[in-house]
1. Which number in (1) more than 30 Å from Asp218 (Cβ to Cβ); (2) part of a strand (DSSP E or B); (3) not β-branched (Val, Ile, Thr) marks the one condition that Ala54 misses?
2. Can Leu148 be described as touching a Ser or Thr at 6+ places or on another chain (Cβ under 8 Å) and either surrounded by 14 or more Cβ atoms within 10 Å (Cβ to Cβ) or at pLDDT 95 or above (or both)?
3. Please give the number of the condition Gly64 fails out of (1) out of contact with any Ser or Thr (no Cβ under 9 Å at 6 or more places or on another chain); (2) at pLDDT below 75; (3) part of a loop (DSSP other than H, G, I, E, B); (4) surrounded by 12 or more Cβ atoms within 10 Å (Cβ to Cβ).
4. Which one of these is open to solvent by 70 Å² or more (accessible area, probe 1.4 Å) and over 24 Å from Ser135 (Cβ atoms): Arg24, Arg5, Arg40?
5. List the residue pairs whose Cβ atoms are under 9 Å apart, where the first residue sits in the range 59-81 and is touching a residue at least 40 places away in the same chain (Cβ under 8 Å), the second is open to solvent by less than 70 Å² (accessible area, probe 1.4 Å) and aromatic (Phe, Trp, Tyr), and the two are 6 or more positions apart or on different chains.
6. Among Arg182, Arg175, which is the only one that is in a strand (DSSP E or B) and exposed (fewer than 12 other Cβ atoms within 10 Å of the Cβ)?
7. Would you please list the contacts, defined by Cβ atoms under 8 Å and residues six or more apart or on different chains, that run from a residue in the range 114-125 that is farther than 12 Å from Ile178 by Cβ and at pLDDT 95 or above to a residue that is of a type in the set (Gly, Ala, Ser) and part of a loop (DSSP other than H, G, I, E, B)?
Amino acid sequence: PSAARRLHLPMFVVTTQPNSPGARPVTFTLLQIPSLDIGRVHFVNLAASKQSTALDFLGSSPDGALAIGKLKGFSLDFDLPHGRFSLAEGSRCNGKAHPFTGAVAMIDMREDSRNRPLIPVMLDGKTYTAILDPSLPGISISARAAGLTRPADVRQPHGSDTKPGQHGWMHRFARLQIGADRLRNVNLIVLGQDIPGADMIIGFSYFHFRRIILSLPDRLA
């Protein structure tokens, strides 16, 4: 809200028309962004939804969030160990475009209805579907997907993806495999609620120590 006021962006109140019996219309505020530059990439006439409260990301308060749906024709290079983020148009998951000095693993990626990148992962010998989302803090799995029941003395873990009124707890798993990356004796956050469209979330803690490229045109990570 403060960023929208500071930039004096045009606002429009929009009400959706229900397409099913019993559904109620939803009213929200859209902002018009005349131009947006991310490095050398230039966007024009974007529409943004106004948040009713300040955004929060791992203790910081950014002005806004850019949904991945606007970047379908780009490759996103998260090189957090070196403090760099790159945005390149077109296919970039190859050695010529991105020289690497260490081991490289290519993972097939798809998108769900919300444009979120999904990849398969192995956890204790079973295959799960995971969302790649560096905006969330930890590596989480839903209790239903893991086949776990809520402990009697559950406490909300520090830095978890849970919200007020929801419950999460830590559980140690023997093996987690993401592409060629094999982790042993990992503590994951178990979420009491389901994760829409997926079983797990691979969040910031995994991105923080690895260079990860999401090549959206190639559908590879």
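The values are calculated or read from the model by the stated rules, or taken from the named source; none is laboratory data. Quick caveat: nothing in here was measured; it's all calculated off a predicted structure. All Cβ positions, glycine included, derive from the backbone under ideal geometry; neighbour counts span all protein chains shown. The area values use the complete protein model at the heavy-atom level, side chains included, leaving out ligands, DNA and RNA. Shrake-Rupley method; radii C 1.70, N 1.55, O 1.52, S 1.80 Å.
1. (2)
2. On the way: touching a Ser or Thr at 6+ places or on another chain (Cβ under 8 Å): no; either surrounded by 14 or more Cβ atoms within 10 Å (Cβ to Cβ) or at pLDDT 95 or above (or both): yes.
Judged against the criteria, Leu148 is not a match.
3. Just one mismatch for Gly64, condition (2).
4. On inspection, the qualifying residue turns out to be Arg24.
5. If the second residue must be open to solvent by less than 70 Å² (accessible area, probe 1.4 Å) and aromatic (Phe, Trp, Tyr), the pairs left are Ala65/Phe57; Phe78/Phe207; Leu80/Phe204; Leu80/Phe207.
6. After applying the criteria, what remains is Arg182.
7. Matching pairs, first to second residue: none at all.
Here is a yes/no grid of residues against (1) within 30 Å of Ser2 (Cα to Cα); (2) assigned to a helix (DSSP H, G or I); (3) at pLDDT below 60:
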residue: Leu87; (1), (2), (3): yes, no, no
residue: Arg92; (1), (2), (3): no, no, yes
residue: Ala97; (1), (2), (3): no, no, yes
residue: Val104; (1), (2), (3): no, no, no
